[in-house]
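This report concerns only the one structure given below.
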Amino acid sequence: MNPASRRRAVLEIIAVVATGVTFLVFENVLHLKLPFLAACILGWGLYAGRRLAGAPGVRREWGLRLDTLGPSASACAVFFAVTAGAILAWRTWAGWPPITASAAILFAVYPVWALFQQFFVQTLIAGNLDRLGVSRAVIVPVAALLFGLAHAPDIPLMALCAGAGVVWTSIYLRWPNLVPISLTHAWLGTLVYLLILVRNPWAEMRSAG
C-alpha cells in the first residue's frame, strides 16, 4: 500500500467516525435525524461516485463485484434464515403487536440507508483496516463495536447491532460484497424494529425531523 493510499484510508476512517458522532448529535440532541440522513447520503454519495468514476479498481476493492456475490449471498441467507426464524418464532410465542401499513415502507427505504451503513462499517472501516495490515482478529470486534455505538444510547439496539456486526464483518472480510450484507441488514433490521423493539423508525424520523 503506497503512502497516498494509506493516508486516504486513515482519513476515510476518521471521516466515518466523525460522521457517526455527528449523527448521534443530530439524532439524540437536535432531533433532526431525517435531515441529517438526507445530507449524509448526498455528501457521501457524491464522494463515492467521484472515487468510483476516478479509479476503476475501487469498485472491486469496495465490494461492488460479482465474483464474491454468490458465496456472500449464501452466507447472508443462512444468517437471515436463522435470525428471522428465531424472531418470528419468538413473536408467535409472545403474541403479535399491531403493525401499521406505513411500516411496509421500511422494507423499501431501509435498504438505501443500510447500504450506506455497511459502506461505512465494512468498506471504509473494516476494509481500510484490512488494507492497512491490521489483524482480522482485531478488525471484526472493532467494526462490530463501532456499528453498535452508532446506535447509542439504545442499549438493546446497540447489543443487537454489535452482534450482527460480528457476523457481517466476518462475511465481508471473507467474501467482500456489500449487496447481500446490506439487504440482510435492511430486512433483519426491519423485523427487529417491528417485532422485537416494537417501533417504527420511519414514523419516528418523520415526527422528529
Query raised in the report: What shape does the range 31-70 take by its C-alpha gyration tensor, where a ≥ b ≥ c are the square roots of the eigenvalues and a/c under 1.5 counts as rounded, a/b above b/c as prolate, and the rest as oblate?
Result: oblate
Report summary line: Looks like the range 56-209, by Cα gyration tensor root eigenvalues a ≥ b ≥ c and the a/c under 1.5 rounded cutoff (else prolate when a/b is bigger than b/c, oblate otherwise), is prolate
Query raised in the report: Thinking of the range 1-129 as a set of Cα atoms, what percent of all their pairs are more than 20 Å apart?
Result: 60 percent
**Report entry** the chain, helix-only ellipticity at 222 nm - DSSP H runs n ≥ 4, -39,500 (n - 2.57), divided by all residues, nearest 500
**Finding:** -24500 deg cm²/dmol
Query raised in the report: Pulled fully out, how much extra length does the chain show between SER74 and VAL138, if you take 0.36 nm times their separation in residues and subtract their Cα-Cα distance?
Result: 20.6 nm
Query raised in the report: Given the C-alpha centroids of the range 83-137 and the range 20-40, what is the distance between them in whole angstrom?
Result: 19 Å
Report summary line: Candidate span helices, the chain: DSSP H, at least 30 Å along axis from Cα coords, Kyte-Doolittle average at least 1.0, result 69-94
Report summary line: With every protein chain kept in place and a 1.4 Å probe, the residues ILE87, ILE41, ILE155 fall, from largest accessible area down, as ILE155, ILE41, ILE87
Query raised in the report: What is the P(r) of the range 1-60, as percent of Cα-Cα pairs per 10 Å bin from 0?
Result: 20, 42, 27, 11, 0
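The values are calculated or read from the model by the stated rules, or taken from the named source; none is laboratory data. The shown structure was predicted, so the numbers you read here are calculated from the model rather than taken from an experiment. Surface areas here come from the heavy atoms of the whole protein model, side chains and all, with no ligands, DNA or RNA. Shrake-Rupley method; radii C 1.70, N 1.55, O 1.52, S 1.80 Å.
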